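Enquirer: The following block contains the structure, expressed as structure tokens.
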Amino acid sequence: MYELLAHDKSIYLQISEMIETDIMRGILEEESRVPSTNELAKLYAINPATAAKGVNILVDEQIIYKKRGIGMFVSPGAKDRILQKRRSMFYENYVKGLVVEAESLGISKEELINMIQES
């Protein structure tokens, strides 16, 4: 797990993103148990309700699921769902803005592609 960076993002969002990253990296595989909200709360010295809020985001997105009385587990296909979500976010947060800024500077799409290929 990672250290929480309690600055620009809410702690519960950091919790959900850290679990997603562990899934993406193969640290948490499909059908493996995810740390409980109490374990997360103890590990990061946060309120269990805050940890639960982060975990519930992933439940709502079908990244993890609850086995009653046993705990939370990584859903089948979770890695693919995360990858799709993060690619979409990358496009929205970076690519669109890059293209708009390039156009405002008079950089054609072809020039932009060449710049990217040279980097």
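Rule-based calculations on the coordinates, nothing more; no lab input. These numbers come from a predicted model, not from an experiment. Glycine also receives a Cβ, built like all others from the backbone with ideal geometry; neighbour counts cover every protein chain displayed.
Enquirer: Which of the residues spanning the range 67-84 are of a type in the set (D, E, K, R) and in contact (Cβ under 8 Å) with a residue 40 or more places away in the chain?
Expert: Correct list: LYS79 only.
Enquirer: Within the range 74-90, how many residues turn out to be surrounded by 11 or more Cβ atoms within 10 Å (Cβ to Cβ) and hydroxyl-bearing (Ser, Thr, Tyr)?
Expert: Of the residues in the range 74-90, 1 are surrounded by 11 or more Cβ atoms within 10 Å (Cβ to Cβ) and hydroxyl-bearing (Ser, Thr, Tyr).
Enquirer: Within the range 93-105, does at least one residue satisfy the condition of being under 19 Å from VAL55 (Cα atoms) and loosely packed, with under 11 Cβ neighbours inside 10 Å?
Expert: no
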